[in-house]
Every structure is written in structure tokens, then in C-alpha cells.
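The values are calculated or read from the model by the stated rules, or taken from the named source; none is laboratory data. Since the structure is predicted, the reported quantities are computational estimates derived from the model, not experimental observations. With ideal geometry, Cβ positions are generated from the backbone for all residues, glycine too; neighbour counts draw on all protein chains shown. SASA here: full protein model, heavy atoms, side chains in, ligands and nucleic acids out. Shrake-Rupley method; radii C 1.70, N 1.55, O 1.52, S 1.80 Å.
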Amino acid sequence: MSEIISDTILIENARKDSNAYGAVINKYAPILGRYLYRLGCTNIQDREDVLQEIFIKVYINLNEYDTDLPFSSWIYRIAHNEAISFFRKKNVRPQTIPVDEYEDLVPSTENRYELYDVQISKERLLAGLNQLDEKYREVLVLQYFEEKNYEEISDILKKPPNTVATLIRRAKEKLRVILC
């Protein structure tokens, strides 16, 4: 039976013993990989390269991390910065996210017409997200897909909570216009 280890213990162990850093990677690689994917880094090799850069930066700066703050917000901030750097280096806009990745979001139903309506809605939603400016897409991905609260989004994006709230409200309005 595996026990879930808190971030605090993971960081303490990694600071004391570099071999324990693997536990940080094991915990956060799938989570951050999914986050990068949702931001538009859909090519697996590119995503792995960005993840590698993230974990190198985390390792190098691990002693600078303030343990009074949530580790997840800190590592998401590094992931966010690396994703932005990747997109700038590649000089590309994030790629479209394939709809089949969100099959688990579609409620099961016996009525294929209802299922078809839900799938169209899902496709339209993802297409709409991809039409948003990066700053709006980021806040919606963090809030709705990564399930971060305003304070965590504020920490990740280094923006005041009121600004985050405004960005989310504007993002929803813009998405509503796109979808209507």
C-alpha cells in the first residue's frame, strides 16, 4: 500500500538527499505534463523537453523555495514560465487540443442523439478556448481543468487576485461571444 507523501516532506527529503528528488518528479511530471498539454504543447517530444527544463529549474532553485507558500503554486509558476518560453522560442501559437482527450468529460448516455449534442458542445468549447488570447486561456485552464482557486492562480501567474478575477470574468465573456 503506497502512502501519499506531502509536498513538505518531499521537499525536505529532496533538499537533504538529491536522490530523493525523483519523488518530486514522479509526483509532478504527470500533472505538469497534462497542464502543458492543455496549454497547447501537444507534441510529446516538445512536452518532454519542456518538462525536463521545468525539473532542472526546480532542482536548481529548490533551496530558494519558500516553504511557507504552497509548492504546487511555485512549480506551476515555473511550468507556466517554461511553457511561455517554449512558445516564444518556437515562435508558434499553441496547437489545438484534440477533442478525444476529453472523452471522460462527456456524460454516458444511452441516447446517441444526446451524446452527439454533448460532443458538439465539447468540440465547440475546445475550439472556443483555442481562439482566446493566451492570457484568457491560461486562467480558464488553471481554474476549470487544473482546479486551482483564485489565490493559487494569482501565485502561479504573479498577478493580484483581483486581476485574476477580472481575467476570468473577461475570459468567460469572450468565450461566451465566441460560442454564441
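Among residues of segment 141-164 that are at positive phi and touching a residue at least 40 places away in the same chain (Cβ under 8 Å), those with a Cβ under 7 angstrom from a residue that is assigned to a helix (DSSP H, G or I) and surrounded by fewer than 20 Cβ atoms within 10 Å (Cβ to Cβ), sequence gap 6+ or separate chain, pair up as LYS158/ARG77.
Is there a residue being β-branched (Val, Ile, Thr), at pLDDT 75 or above and either open to solvent by 40 Å² or more (accessible area, probe 1.4 Å) or in a helix (DSSP H, G or I) (or both) anywhere in segment 118-125? No - not one qualifying residue is present in segment 118-125.
Considered as a group, the residues in segment 142-169 that are in a loop (DSSP other than H, G, I, E, B) and open to solvent by 40 Å² or more (accessible area, probe 1.4 Å) include one that is nearest to LEU32 (Cα to Cα), and that residue is GLU147. Filtering segment 18-70 to residues that are outside any helix (DSSP H, G or I), touching a residue at least 60 places away in the same chain (Cβ under 8 Å) and open to solvent by less than 70 Å² (accessible area, probe 1.4 Å) leaves GLY40, PRO70. Just one of (1) open to solvent by less than 40 Å² (accessible area, probe 1.4 Å); (2) modelled with pLDDT of 55 or more; (3) of a type in the set (A, V, I, L, M) fails for ILE97. It is (2). THR8 satisfies every condition listed in (1) open to solvent by less than 50 Å² (accessible area, probe 1.4 Å); (2) over 21 Å from LEU157 (Cα atoms) except (1).
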